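Presented below is the structure to which this report refers.
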Amino acid sequence: MSAVAHEKGESGNTRGAVRAYAAPSLFYVAVFVGLAALTALTVLQSTFDLGKLNMLLGVGIATLKALLVLGFFMHLAWDNKFYAYIVVTAIFFVGVFYTYTTNDTEKRGLRDPDQSGKILPATGAPAPGGFSP
Amino acid sequence: MSMEATAAEHDGYARPKWLAHHFYTPAQQFNTAKLGMWLFIAQEILFFGALFVAYGVYRNWYPEMFKLASHQLDKTLGAANTLVLLFSSLMAALAVSAAQKGKRMATGTYLLVTIACACVFLAIKFVEYKHKVDLGLLPGTHFEPNLPHGVPSLPANSGSFFALYFLMTGLHALHVLVGIGVLTWIWIRNLRGAFSKENYTAVFVAALYWHFVDIVWIYLFPALYLI
């Protein structure tokens with residue numbers, strides 16, 4: 001009977017009580033120290049100009065910090081993986097949105113060189129979008 | 001009465017009064033609330049995602065302007081706010097941990113510190129906003145910079161950077177404001193003894209929301225301040 005499955009709950013507890021993992025307080029403090037250290041690192045990194053690496057490192061460190069918060073503060077590391085799939089799916093669709101949008105905005109000037117009097121600042125080529133120079 | 005409803009009683013399980021009638025067990029109620037919050041967070045990722053895509057498009061178009069305009073933001077205040085928010089997240093995680101152990105006093109204290117940090121964050125944000133308004137660093141057509149002598153002037157289209165700055169940090173600040181409201185509500189319910197070792201769903205779910213607000217700032221800080 002389906003009731004039995006419900007009765008057992010996700011934790012397998014036959015009484016259906018809530019059983020969620022709780023890490024020791026010191027562990028959460030350690031995660032915070034890690035997050036603070038990564039913040040210091042990203043500020044430090046911003047004082048050096050590493051060209052294309054700047055953006056990559058900024059996003060990379062931020063993602064590492066987000067993973068720490070998601071995994072431990074938000075319990076995803078110990079929880080049912082379904083919650084993690086929800087997050088990954090949302091981020092995937094933001095990625096699809098970004099990719100298709102920039103595939104348009106970055107190539108407008110190449111495809112329609114004669115449209116309107118505006119230019120792509122990166123190349124100086126005519127482009128329909130953007131601001132007047 | 002259905003067969004399922006009687007099954008719980010035959011198992012010798014007494015229904016606590018905080019267990020809504022449409023759930024079989026506390027675990028089912030907990031997981032349902034958690035799923036609801038995660039789906040809301042997924043929606044929020046898409047919501048903020050749209051702004052980050054807009055940011056990406058403009059930054060790709062005007063990389064030099066973004067760099068110059070971003071230097072008008074105060075890195076120190078931004079980093080301080082990051083630490084304040086990270087610390088508030090730690091306090092929220094400890095509040096959940098205390099609630100899981102049924103420690104009512106500790107839960108209340110941690111929640112209060114979380115709320116206090118949120119207020120400090122908004123206060124710092126206010127100082128930053130006031131500085132930008134005073135200098136005329138405003139969105140779009142309102143961009144009329146009035147920079148002190150010796151500061152290199154900004155490109156005319158810098159208004160689009162400040163439009164994104166105010167829109168993204170403003171919406172984030174709105175989420176912080178909502179978070180203060182939600183956490184205060186949870187704090188009051190905790191004070192009234194609404195939660196226990198068996199029932200801390202609301203504390204857990206409110207903390208999930210608060211951590212998400214923290215994650216948005218984790219991305220906003222390098223995107224706006226550290227170019």
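Quick note: the coordinates plus some simple rules give every number you see, no bench work behind them. Bear in mind the structure is a predicted one, so any value in this text is a computation, not a measurement. Positions of Cβ are generated from backbone atoms using ideal geometry, with glycine treated the same way; all protein chains shown enter the neighbour counts.
I need the per residue convex hull volume for segment B:68-218, using only the alpha carbons, in cubic angstrom as a whole number. Walk me through the numbers on the way to the answer.
Numbers: hull volume 14.0 nm³, N = 151.
Measuring per residue, one finds 92 Å³ for the Cα hull of segment B:68-218.
Regarding the protein assembly as shown, what's the average projected area of the Cα-atom convex hull, expressed in nm²? The partial results should precede the final answer.
Details: hull surface 86.0 nm².
In nm², the orientation-averaged hull projection of the protein assembly as shown is 21.5.
For a quick check of your reading of the filter: which trypsin sites (Lys or Arg not before Pro) in segment B:26-134 sit in a DSSP loop and have no more than 16 other Cβ atoms within 10 Å?
Numbers: sites: B:Lys34, B:Arg59, B:Lys67, B:Lys75, B:Lys101, B:Lys103, B:Arg104, B:Lys125, B:Lys130, B:Lys132; in loops: B:Lys101, B:Lys103.
Passing sites in segment B:26-134 are B:Lys101, B:Lys103.
For segment B:155-227, just list the percent of Cα-Cα distances falling in each 5 Å bin from zero outward, please.
3, 14, 19, 17, 13, 10, 8, 6, 4, 2, 1, 1
Would you mind checking B:Lys75/B:Lys132; A:Lys52/B:Lys130; B:Lys34/B:Lys101 for any pair whose Cα atoms are more than 21 angstrom apart? Walk me through the numbers on the way to the answer.
Working: B:Lys75/B:Lys132 14 Å; A:Lys52/B:Lys130 33 Å; B:Lys34/B:Lys101 19 Å.
Too far apart for the 21 Å limit: A:Lys52/B:Lys130.
Which helices pass in chain B if a helix is a full DSSP H run, must span at least 15 angstrom along its long axis by Cα, and must have mean Kyte-Doolittle hydropathy not below 0.5? Can you show the working numbers first?
Working: long enough: B:26-61 (52 Å, 0.56); B:75-100 (37 Å, 1.28); B:104-134 (45 Å, 0.82); B:159-191 (47 Å, 1.37); B:201-225 (36 Å, 1.52).
Once both thresholds are applied, what remains is B:26-61, B:75-100, B:104-134, B:159-191, B:201-225.
How far is it, in nm, from the label point at B:Leu147 to the one at B:Ile124 when both lie 7 Å from their Cα along the line to the Cβ?
My value for the distance between the label points is 2.5 nm.
Any idea how far the Cα center of segment B:91-139 sits from the one of segment B:54-85, in Å?
22
Divide by every residue of the protein assembly as shown the summed helix terms, -39500 (n - 2.57) for each DSSP H run of at least 4, and state the resulting mean residue ellipticity at 222 nm, rounded to the nearest 500 deg cm²/dmol. Working shown, then result.
Details: 12 runs with 241 residues, N = 360.
Using -39500 (n - 2.57) per qualifying helix, the result is -23000 deg cm²/dmol.
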